[in-house]
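To start, the structure under review is shown below, and the notes come after it.
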Amino acid sequence: MVKSDSNSLSDVHESIDATRQRKGWKKILAFIGPAYLVSVGYMDPGNWATDLQGGAQFGYKLIWVLLMSNLMALLLQSLSARLGIVRRKDLAQVNRETYPPLTNFCLYVLAELAIAACDLAEVLGMALGIQLLTGLPLIWGVSITVLDTFLLFYLQKKGMRAMEAFIIALVLIIGISFLIELFFAKPNVGEMMKGFVPSSLNDQALYIAVGIIGATVMPHNLYLHSALVQTRKINNSEVATRKAIKYNIVDSTIALNAAFLVNAGILILAATAFFYNGHSSVARIQDAYLLLESALGTSLAPILFAVALIAAGQSSTVTGTLAGQVVMEGYLHLRINPWMRRLLTRLLAIIPAVIVIAVYGEAEVDNMLVFSQVLLSLQLGFAVIPLIHFVSDKKTMGVFVIKPYIKIIAWLVAAILVFLNVRLVAGEIIDVLSESGHLLIKAIIIIVSLVFAWLFITMTFYPLYAKRKTRSSEGIHGKVPQLLNLSINPFQKIAVALDFKTLDEKLIAHAIKQGNKHAAYLLLHVVETVSASFSGNATDDDETRQDAERLQAYAAQLKQMGYTVETQLGYQHRVEEIVRIVNEFNADMLVMGAHRHRGLKDVFYGETVNIVRHKLPMPVLIVS
C-alpha cells in the first residue's frame, strides 16, 4: 500500500498492522500504545508544580478537581481518537479544511503556543530533576535538555513500537516511584476521601484549579491522539472501525487512569507531607525535594522524587515534538526534518527559561511552571470546540457520529472549561486595567481581547452556518489537475556549471542531451582562490589562467562537433556568481553537479545546489 503525503505522521502511518487475526488479549494489544504516549502529557513536570501547590496549600481539597479533569480528559481523548479512526485525518487537518484561512492561522498559532508552554514545563522539570540529583546549576540543566533531541531521533528510527515501549517504561518508573513515596507518607484515608467531594474555590484556589485542568486536559494532546491512532492499519469495514474505537477507548481508560493516579499521588503526597505538617507555604519543587526526607523519614524519598521528575520530563518531551509535527503539517502542510522541528521547539522553551532564570533567579521557576499550565488551559477551548463539532457531524462521521447524550456532556465540559478560563482571564484583565496608567498597555489588552473574542465566536459558530469547504477531498496538494498541456518549448540557451572534477564530462553530456545542436551553451566555472576574493575579475594568478584554459579546451572540442559554445569565469562567491552569470546569459536551463555531501560537510565545503536552484526561475538539472 502506497502512503499518501497527506497522512498524519506519514513516516509511521499504518506502520502497525491491526488487521491480522488475533485471539484474546492479542486483539487489544494491537491497539494499545497511542494513549500511553498521550498520557505522559498528563503527568509532565507542569502537573507536578500545580499538584504540589494544590496539595501543600489546600490539603486534599482539590482532589475532586483532579478527578473531574481526568474524566474530562478521558471523554475528550476518546473523541479525538474517534475522529482519527473514522476520518483518517487528525484534528489539525480537519480544522484546515473546515475553517477560513485567517481563523486557521490563529488556531495554528495558539496550538504552537500550547506546545511551547508544555515544552517549557518539560525543560524546567528535567533541569530541576538534574539539579536535585547532581547539584548542577539550573541554567546548565536547562541547556543540557537540548541533548534529548538525539534521543528522539534514535527512537523515531526504531519505529512506533520502540517509542511506545520507551514511554511505557518511563511511566512505570514514575508510577512505582510515587507508590513507594505514598507507602512512606501513610496518608489519612478518611480525610483523603473527603477531597473527592466538590467544594467552592476562592480566587487563589481557582488559579491553581485552572492550572490543574490546563495541566491535565492538554490541547496539543487532542491533536496528537487523532494522529497516533492512525499508526494502526485497520480495514475500512464498519465492524473493524467499531472494534478500533472500542479498543482505543480501553487504551485511553487504562492510560489516563494511570496518569490520574500519578497526579493524585503527587497531590496527596504534598498534602500529607507538607499541608498537615505545617508547611503549607511550600510552592517550589526544590522545597518539596528538600523537605521530603524529614517529612517521610527516609533518604530514599527525595531520590525517588528526582528520578520520577526526570522521567516525567523526558517522556513528555517526545510526545510534545510529535504533537508539533502534527500541528505544523496539518495546518500549514509544511514538513521539516524531525530533528530540526525538535531543536526549534526545544530552543523556544529554553530561551525564555534561561532569560527568566538569569534575570529573576531560580526562585521564579515554579511560578513559571504554574503559569505555563494556566497558559495551556487558556488554549483548551480552541481545540475542544472544533473537536466536538467534527465528531457531531453526521455527514462526515456517518454511523460513527457521537450519540446525543455524549454530545450534551461534551458541550457541558467545553462550557465549564470556557467559563473557568473566562473568569480567570477577566479577573486578570480587570486588575491590569485598573492598576496600569499606561494607555498603550490598556489599548493592547483591549485589542487582544477583541481578537480572542472574534476567534472564539468564529470557531464556535462557523461550522454551524458556513458551507462545508470542498478541500476535504483534495488532500495535501489540492485536486489532481487534468494533464492537458504537456508540451514545452525546446531549450535555446543552456548553462553548465563546472567544477573541474570527474563529473565535467557527464554534466556536458546531460546538457547536450537536453538541447542538442539547436541550443547555445555556456560553460562556466567559479574561481575561489585568495586572489579572486580580493581582485575579482582582475585576478590573473596561475590557477585562474589554468581554469580559463580548461574552459576553452572544452569549448573547442564541442565547437568541432558543431555546437555553439561560450565560456565565462566567475570569482569568489560561488552561489552569487553562478546566479549572476546564468541570468546574464538569459539561460533557459542550468545543469550542475551534486557531490552528495551533507551535514557537517555542507558546513566545510558549502551548500550550493539548494541555494542556487531556489534563486533561479528556470529548470535546474542536478547530475549526481
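For the subset of the stretch 378-418 comprising residues that are among the β-branched types (Val, Ile, Thr) and closer than 23 Å to Leu110 by Cβ, which member is surrounded by the fewest Cβ atoms within 10 Å (Cβ to Cβ)? Spell out the reasoning first.
Kept after step one, since they are among the β-branched types (Val, Ile, Thr), are these residues of the stretch 378-418: 384-385, 388, 391, 396, 399, 401-402, 406, 408-409, 413, 416, 418.
After this cut, where a residue has to be closer than 23 Å to Leu110 by Cβ as well, the list is 384-385, 388, 391, 413, 416, 418.
Numbers: Val384: 24, Ile385: 21, Ile388: 21, Val391: 25, Val413: 21, Ile416: 13, Val418: 17.
In this case the residue turns out to be Ile416.
Counting only residues that are surrounded by fewer than 24 Cβ atoms within 10 Å (Cβ to Cβ) and of a type in the set (S, T, N, Q), which one in the stretch 83-104 is nearest to Trp454 (Cα to Cα)?
Out of the qualifying residues, it is Thr103.
Could you tell me which residue of the stretch 57-68 is surrounded by the fewest Cβ atoms within 10 Å (Cβ to Cβ), considering only residues that are of a type in the set (Phe, Trp, Tyr) and in a helix (DSSP H, G or I)?
Trp64
Being in contact (Cβ under 8 Å) with a residue 12 or more places away in the chain, out of contact with any His (no Cβ under 8 Å at 6 or more places or on another chain) and assigned to a helix (DSSP H, G or I) narrows it down to one of Leu107, Leu71, Leu102, so name that one.
Being in contact (Cβ under 8 Å) with a residue 12 or more places away in the chain, out of contact with any His (no Cβ under 8 Å at 6 or more places or on another chain) and assigned to a helix (DSSP H, G or I) holds for just one of Leu107, Leu71, Leu102, which is Leu107.
Being within 21 Å of the chain's Cα centre (by Cα) and either of a type outside the set (Lys, Arg) or at pLDDT 75 or above (or both) is the requirement here; does Leu29 meet it? Break it down into steps so the answer makes sense when it comes.
Values: within 21 Å of the chain's Cα centre (by Cα): no; either of a type outside the set (Lys, Arg) or at pLDDT 75 or above (or both): yes.
Criteria not met by Leu29.
Considering each residue of the stretch 95-120, count those that are of a type in the set (A, V, I, L, M) and more than 17 Å from the chain's Cα centre (by Cα), and give that number. Before you say what the answer is, go through the steps one by one.
Step one: of the stretch 95-120, the residues of a type in the set (A, V, I, L, M) are 102, 107, 109-111, 113-117, 120.
Those still in the list that are more than 17 Å from the chain's Cα centre (by Cα) too: 102.
Of the residues in the stretch 95-120, 1 are of a type in the set (A, V, I, L, M) and more than 17 Å from the chain's Cα centre (by Cα).
Any residue in the stretch 206-221 that is at pLDDT below 80 and surrounded by fewer than 21 Cβ atoms within 10 Å (Cβ to Cβ)?
yes
Going through Val612, Val582, Val620, Val575 one at a time, which residue ends up being in contact with a helix residue (DSSP H, G or I) (Cβ under 7 Å, 6 or more places away or on another chain) and at pLDDT 90 or above? Break it down stepwise before answering.
Values: Val612 fails: at pLDDT 90 or above; Val582 fails: in contact with a helix residue (DSSP H, G or I) (Cβ under 7 Å, 6 or more places away or on another chain); Val575 fails: at pLDDT 90 or above.
Residue meeting the stated conditions: Val620.
Among the candidates Leu455, Leu484, Leu464, single out the residue that is at pLDDT below 90 and not assigned by TED's automatic domain parsing to the domain that holds Val418.
Leu484
Is it true that Val262 is among the aliphatic types (A, V, I, L, M), at pLDDT 80 or above and over 31 Å from the mean Cα position of the chain (by Cα)?
Answer is no for this residue.
Tell me the residue from Ser299, Ser252, Ser280 that is surrounded by 24 or more Cβ atoms within 10 Å (Cβ to Cβ) and of a type outside the set (Phe, Trp, Tyr), please.
Answer to the selection: Ser252.
Can you spot a residue in the stretch 487-496 that is modelled with pLDDT under 80 and of a type in the set (Gly, Ala, Ser)?
Yes, some residue in the stretch 487-496 is modelled with pLDDT under 80 and of a type in the set (Gly, Ala, Ser).
Conditions: (1) among the aromatic types (Phe, Trp, Tyr); (2) out of contact with any His (no Cβ under 9 Å at 6 or more places or on another chain); (3) closer than 24 Å to Asn586 by Cα. Phe534 meets all but one. Number of the miss?
Looking at each condition in turn, Phe534 falls short on (3).
Look at Val189 and say whether it is at pLDDT below 85 and crowded, with 21+ Cβ neighbours inside 10 Å.
The answer is no for Val189.
Please enumerate the residues belonging to the stretch 38-56 that are within 25 Å of Asp90 (Cα to Cα), assigned to a helix (DSSP H, G or I) and at pLDDT below 80.
Val40, Gly41, Tyr42, Met43
Go over the candidates Val229, Val189, Val197, Val210 one by one and state the one that is within 24 Å of Lys89 (Cβ to Cβ) and of a type in the set (Val, Ile, Thr). Step through it out loud before you land on a result.
Values: Val189 fails: within 24 Å of Lys89 (Cβ to Cβ); Val197 fails: within 24 Å of Lys89 (Cβ to Cβ); Val210 fails: within 24 Å of Lys89 (Cβ to Cβ).
The conditions single out Val229.
Among the candidates Val146, Val142, Val171, single out the residue that is modelled with pLDDT under 80 and buried (at least 21 other Cβ atoms within 10 Å of the Cβ).
Val142
Among Phe196, Phe166, which is more than 25 Å from Phe419 (Cβ to Cβ) and not hydroxyl-bearing (Ser, Thr, Tyr)?
Phe166
From Ala244, Ala264, which residue is more than 30 Å from Gln93 (Cβ to Cβ) and assigned by TED's automatic domain parsing to the domain that holds Gly84?
Ala264
The values are calculated or read from the model by the stated rules, or taken from the named source; none is laboratory data. Remember, predicted model here, so these are calculated numbers, not experimental data. Virtual Cβ from ideal backbone geometry, glycine too; neighbours counted across all protein chains shown.
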